[in-house]
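K.L.:
I have a structure I would like to understand better, so I am pasting it below and will then ask my questions one at a time.
The values are calculated or read from the model by the stated rules, or taken from the named source; none is laboratory data. For clarity, every value in this text was computed on a predicted model and none was experimentally measured. When we count neighbours, we look across all protein chains shown, and the Cβ atoms used for this are built from the backbone with ideal geometry, even at glycine. Calculation scope for accessible area: heavy atoms of the full protein, side chains included, ligands and nucleic acids excluded. Shrake-Rupley method; radii C 1.70, N 1.55, O 1.52, S 1.80 Å.
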Amino acid sequence: MPAIKEIAEQHGLAMVEDATESLGALCRGQPLGRWSRLTCFSFNANKLMTTGGGGMLVTDDPLLARRARYLTTQAKDDPLEFVHQEIGYNYRLTSVQAALGTAQLERLPAFLAAKRRIATRYAEALEGLPGIQPMKEAPWATASYWMYTILVDAERCGTDSRSLLKALAASNIETRPLWQPLHLSPAHRDSFARSCPVATRVNRLALSVPCSTSLTEEEQSRVIRALQRELVADRRNAEMQPATGDFGTA
Ligand SMILES: Cc1ncc(COP(=O)(O)O)c(C=O)c1O
């Protein structure tokens, strides 16, 4: 974040953050959402806290806040006659969703603690499995652990992330790849793109394992046992050496 902020400042660019995945996380001690003029958060159903759908825009700039409220509530210049000077949108969170969100916000510390407990257990259990890189917290970060994602090095595991996904699915354990990087998305085929080898590699190797805040200890044990079973079966004769590396820099 400091590096992006520096570039934005150098070139007079406005920085807008999507901190959806890092609600509650810190970068160099500063909460995500505090780095930019505008930050958005999604409260979709699978997020750390949810309102069932919708999201939130935060800013400490009163003019931007007023402008966002205006555009997201249909840009009504005359609320009686419904006169619009410009095109507005019906993007606001409903009051019912906002009430849900307020209650969820109170539970955020407990959600974050549950995610951290689950992540710590995975990290301990998966460390040392050949070719598996557990998720690590960078020294400059406090992670939210919204998801717990491992990297599967096919050469050292004897299986790749997608085969492992299928093997775990056969044991009724749902795991997921990460999202397709934008530069590979057919929907953006006509856009300017440069090669992004790190994103491409992470997309190929990554597998997110179950980590819902409601995951019980026994359920997590079952996931860990299944992972150990699959990997040991695929690489019975492999030399046991821990994976190295991390998930990037700030
Ligand atoms: C960074 C980020 N932004 C936005 C979203 C989704 O936002 P929404 O579904 O509310 O449009 C996601 C979904 O996972 C996400 O990871």
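K.L.:
Defining a contact as two alpha carbons under 8 Å apart and six or more residues distant in sequence, what relative contact order in percent does segment 76-162 show?
P.N.:
Details: 62 pairs, mean separation 15.9, N = 87.
Here the relative contact order equals 18 percent.
K.L.:
How long are the semi-axes of the equivalent ellipsoid of the chain, defined as square roots of 5 times the Cα gyration tensor eigenvalues? Whole Å, largest first.
P.N.:
Details: eigenvalues 301, 92, 64 Å².
Taking √(5λ) for each eigenvalue gives 39, 21, 18 Å, largest first.
K.L.:
With the other protein chains left in place, how much accessible area per residue, in square angstrom, belongs to segment 108-240 at a 1.4 angstrom probe? Walk me through the intermediate numbers first.
P.N.:
Numbers: 7610 Å² over 133 residues.
Here the residues of segment 108-240 average 57 Å² of exposed surface.
K.L.:
Explain nothing, just the number: dipole magnitude of segment 108-240 about its Cα centre with +1 on each Lys and Arg Cβ and -1 on each Asp and Glu Cβ, in debye rounded to the nearest 20.
P.N.:
So the dipole magnitude of segment 108-240 works out to roughly 200 debye.
K.L.:
Among bridges DSSP assigns within the chain, what percent are antiparallel (round to 5)? Intermediate results must be reported in sequence, preceding the final value.
P.N.:
Values: 17 of 21 bridges.
Of the beta bridges lying entirely in the chain, close to 80 percent run antiparallel.
K.L.:
So what's the back-of-envelope 222 nm ellipticity for the chain, counting only DSSP H runs of four-plus at -39500 (n - 2.57) apiece and dividing by all residues, rounded to 500? Please report the intermediate quantities before stating the final value.
P.N.:
Numbers: 7 runs with 93 residues, N = 250.
Value at 222 nm, helices only: -12000 deg cm²/dmol.
K.L.:
Under a straight-distance cross-link criterion of Cα-Cα below 29 Å, which lysines are reachable from Lys5, leaving out those fewer than 8 residues away in the same chain?
P.N.:
Answer for Lys5, where 29 Å is the Cα cut-off: Lys47, Lys115, Lys136, listed by chain and number.
K.L.:
If you don't mind, there's one more thing I want to ask. Of the accessible area of the chain, with the probe set at 1.4 angstrom, what percent is carbon plus sulfur?
P.N.:
Numbers: 8440 of 15490 Å².
The computed percentage sits at 54.
K.L.:
Enumerate the aspartates and glutamates that Lys166 could reach by cross-link, defined here as Cα to Cα under 14 Å, with residues fewer than 8 away along the same chain left out.
P.N.:
The qualifying aspartates and glutamates are Glu174, Glu230, Asp234.
K.L.:
On a full-extension model of 0.36 nm per residue, what is the gain between Glu9 and Leu105, subtracting their alpha-carbon distance, rounded to one decimal in nm?
P.N.:
Values: separation 96, 0.36 × 96 = 34.56 nm, distance 3.20 nm.
That pair, Glu9 and Leu105, stretches by 31.4 nm at full extension.
K.L.:
Separate question: Looking at segment 108-240, I'd like the Rg to Rh ratio, where Rg is from alpha-carbon atoms and Rh is Kirkwood's inverse mean 1/r. Intermediate values should be presented prior to the final figure.
P.N.:
Numbers: Rg = 15.9 Å, Rh = 15.9 Å.
Value, to two decimals: 1.00.
K.L.:
Another one. Relative to the longest principal axis of the chain, what angle (0 to 90°, nearest 10) does the C-alpha long axis of helix 62-72 take?
P.N.:
90 degrees
K.L.:
Per residue, what accessible area does segment 38-100 have, given a 1.4 Å probe and all protein chains present, in Å²? Don't skip to the end; give the middle numbers.
P.N.:
On the way: 4300 Å² over 63 residues.
It amounts to 68 Å² per residue over segment 38-100.
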